[in-house]
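Student: The structure is given below, and queries will be raised subsequently.
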Amino acid sequence: MAYWWVNQKQTFNRAVKAGHLWSPKTNVDGSRNVFYQYMTHVHVGDVVFAFASSKIKALAVVTGAHYAKEIPDDLKTTDNKWRNEGWAVPVEYRLVDAPLKVSEHMERIAPLLPAKHSPLQANGYANQAYLFPVTDEMAAELLALLNVDLDDLGDWQDELPLEKLKEDRNIGETEKAQLIKARKGQGIYRKNVSDIEKACRVTGTSDAKFLIASHIKPWAKSENAERLDGNNGLLLAPHIDRLFDRGYISFEDDGGLILSKQLPEAVRLKWDVTQKAPRVPFSAAQVQYLNYHRAELLRK
């Protein structure tokens, strides 16, 4: 999951209604614009801070890949001059309970602004461009100021595939119930994982009451068969599960613990994130899922 910042100004209400981000492909003169090119770098599950009228008014979860789209008719009436050829990214907007006026919190935000392609100036005014990447550290601070928890974002990201699953008439109700329970690491999925994994691979904890059945390849990104596959799971202590789910740790094929360079040393020490359990190699079936986790989720 990556984070982005979009400046929408007078287009915010239109974009919320349409359920997408839109930008031209190039500048008016046809030259390349990196802030438009960022539209092609966005992935499903990414989170976008939607900024308009000096405030973050919404969070948007990306629900699909970018695609070519001519300028929407309702944007032709704005004061902006844009080329017709553009990019669109489908998103689901979530209006925040209390829009955040960022200029009032720059003592916390300013030290986290990137040196290059920053969405904000040090005084809290937005830089004049469309889409910006946001670092994990800056995103964490903004989410804290917005009073939004990372678990809330995870639930939002699951909602679209969950609704599609509920509406799928090709799946029986019994299987559908099993797939839904698997999202929370429960039911037949937990049993399937427990048949393979017997303890937390970091702490060594083996008491099932204190372990979470965690998908290696996230539930939202998995096919139905993968959602129930015991090879697509680990039994982890709660704090280890959180680090694994957020990409701060992963595992080698031989069972060795991988620590992300982005895992703060203070957290590692306070949580005592050291591998106390013996290394046990993963099966070939498990390695397929771990390849996904290391490639797509592990923070480099």
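The values are calculated or read from the model by the stated rules, or taken from the named source; none is laboratory data. Note that the coordinates shown come from a computational prediction; the quantities given were computed from them, not determined experimentally. Positions of Cβ are generated from backbone atoms using ideal geometry, with glycine treated the same way; all protein chains shown enter the neighbour counts.
Student: Restricting attention to region 187-211, which residues are among the β-branched types (Val, Ile, Thr) and either outside any helix (DSSP H, G or I) or closer than 25 Å to Glu252 by Cβ (or both)?
Tutor: If the condition is that a residue be among the β-branched types (Val, Ile, Thr) and either outside any helix (DSSP H, G or I) or closer than 25 Å to Glu252 by Cβ (or both), then Val193, Ile196, Val202, Thr203, Thr205 are the ones that fit.
Student: Follow-up question, since we're still on this one. List every residue pair whose Cβ atoms sit under 6 Å apart, with the two residues 6 or more apart in sequence or on different chains, where the first one lies in region 186-205 and is within 13 Å of Leu236 (Cα to Cα) and the second, anywhere, is modelled with pLDDT under 95 and surrounded by fewer than 19 Cβ atoms within 10 Å (Cβ to Cβ).
Tutor: As it stands, the answer is none, since no pair meets every condition given.
Student: Separate question: So which of Ala266, Ala277 is more than 25 Å from Val61 (Cα to Cα), over 19 Å from the mean Cα position of the chain (by Cα), of a type in the set (Gly, Ala, Ser) and in a helix (DSSP H, G or I)?
Tutor: Working: Ala277 fails: in a helix (DSSP H, G or I).
Selected residue: Ala266, the only one of Ala266, Ala277 that is more than 25 Å from Val61 (Cα to Cα), over 19 Å from the mean Cα position of the chain (by Cα), of a type in the set (Gly, Ala, Ser) and in a helix (DSSP H, G or I).
Student: Ok, one more. If Ser53 satisfies every condition in (1) surrounded by 14 or more Cβ atoms within 10 Å (Cβ to Cβ); (2) more than 28 Å from Ala295 (Cα to Cα) but one, which is the exception?
Tutor: Looking at each condition in turn, Ser53 falls short on (1).
Student: Hey, can you tell me all the residues within region 275-295 that are in contact (Cβ under 8 Å) with a residue 24 or more places away in the chain and either of a type in the set (A, V, I, L, M) or within 30 Å of Glu137 (Cβ to Cβ) (or both)?
Tutor: Gln275, Lys276, Ala277, Val280, Ala285, Val287, Tyr289, Leu290, Tyr292, His293, Arg294
Student: While we're looking at this one, here's another question. Does Tyr67 satisfy being modelled with pLDDT of 90 or more and farther than 24 Å from Leu113 by Cβ? Step through it out loud before you land on a result.
Tutor: Details: modelled with pLDDT of 90 or more: yes; farther than 24 Å from Leu113 by Cβ: yes.
So Tyr67 passes the test.
Student: How many residues does region 245-267 contain that are modelled with pLDDT of 95 or more and not aliphatic (A, V, I, L, M)?
Tutor: Total meeting the criteria: 7.
Student: Please state which one of Val62, Val102, Val96, Val89 is within 26 Å of Leu145 (Cβ to Cβ), of a type in the set (Val, Ile, Thr) and touching a residue at least 60 places away in the same chain (Cβ under 8 Å).
Tutor: Values: Val62 fails: touching a residue at least 60 places away in the same chain (Cβ under 8 Å); Val102 fails: touching a residue at least 60 places away in the same chain (Cβ under 8 Å); Val96 fails: touching a residue at least 60 places away in the same chain (Cβ under 8 Å).
After applying the criteria, what remains is Val89.
Student: Could you tell me whether any residue of region 5-21 is assigned to a loop (DSSP other than H, G, I, E, B) and either in contact with a Lys or Arg (Cβ under 8 Å, 6 or more places away or on another chain) or basic (Lys, Arg) (or both)?
Tutor: no
Student: Sticking with this one: For region 244-259, check the following and say yes or no: at least one residue is of a type in the set (A, V, I, L, M, F, W, C), loosely packed, with under 12 Cβ neighbours inside 10 Å, in the same structural domain as Asp207 (by TED's automatic domain parsing) and assigned to a helix (DSSP H, G or I).
Tutor: No, every residue in region 244-259 fails to be of a type in the set (A, V, I, L, M, F, W, C), loosely packed, with under 12 Cβ neighbours inside 10 Å, in the same structural domain as Asp207 (by TED's automatic domain parsing) and assigned to a helix (DSSP H, G or I).
Student: Sticking with this structure for a sec: Within region 280-300, work out how many residues are in a helix (DSSP H, G or I), at pLDDT 95 or above and small (Gly, Ala, Ser).
Tutor: 2
Student: Could you look through region 55-70, keep only residues that are touching a Pro at 6+ places or on another chain (Cβ under 7 Å) and in a loop (DSSP other than H, G, I, E, B), and pick out the one that is nearest to His105 (Cα to Cα)?
Tutor: Only one residue tops the list, namely Thr63.
Student: Still on this structure: Given the conditions (1) touching a helix residue (DSSP H, G or I) at 6+ places or on another chain (Cβ under 6 Å); (2) closer than 26 Å to Glu175 by Cα; (3) buried (at least 20 other Cβ atoms within 10 Å of the Cβ), report the number of the one that Val202 does not fulfil.
Tutor: If we test Val202 against (1) touching a helix residue (DSSP H, G or I) at 6+ places or on another chain (Cβ under 6 Å); (2) closer than 26 Å to Glu175 by Cα; (3) buried (at least 20 other Cβ atoms within 10 Å of the Cβ), just (2) comes out false.
Student: Assess whether Val28 counts as being loosely packed, with under 14 Cβ neighbours inside 10 Å and farther than 17 Å from Leu120 by Cβ.
Tutor: Details: loosely packed, with under 14 Cβ neighbours inside 10 Å: yes; farther than 17 Å from Leu120 by Cβ: yes.
Judged against the criteria, Val28 is a match.
Student: Report every pair of residues separated by at least 6 positions or lying on different chains whose Cβ atoms are under 8 Å apart, first residue within region 217-240 and assigned by TED's automatic domain parsing to the domain that holds Gly64, second in a loop (DSSP other than H, G, I, E, B) and surrounded by fewer than 23 Cβ atoms within 10 Å (Cβ to Cβ).
Tutor: Here the result reads none, with nothing in region 217-240 linked to a residue that is in a loop (DSSP other than H, G, I, E, B) and surrounded by fewer than 23 Cβ atoms within 10 Å (Cβ to Cβ).
Student: Looking at region 110-140 only, could you name the residues that are outside any strand (DSSP E or B) and touching a helix residue (DSSP H, G or I) at 6+ places or on another chain (Cβ under 6 Å)?
Tutor: Listed by number, the residues that qualify are Leu112, Ala122, Gly124, Ala129, Tyr130, Glu137, Met138.
Student: Here's something else I'd like to know. Taking the stated definitions as given, is Asp46 surrounded by 13 or more Cβ atoms within 10 Å (Cβ to Cβ), within 16 Å of Gln8 (Cα to Cα), out of contact with any Gly (no Cβ under 9 Å at 6 or more places or on another chain) and modelled with pLDDT under 90? It would help to see each step written out before you state the result.
Tutor: On the way: surrounded by 13 or more Cβ atoms within 10 Å (Cβ to Cβ): yes; within 16 Å of Gln8 (Cα to Cα): no; out of contact with any Gly (no Cβ under 9 Å at 6 or more places or on another chain): yes; modelled with pLDDT under 90: yes.
It is false that Asp46 is surrounded by 13 or more Cβ atoms within 10 Å (Cβ to Cβ), within 16 Å of Gln8 (Cα to Cα), out of contact with any Gly (no Cβ under 9 Å at 6 or more places or on another chain) and modelled with pLDDT under 90.
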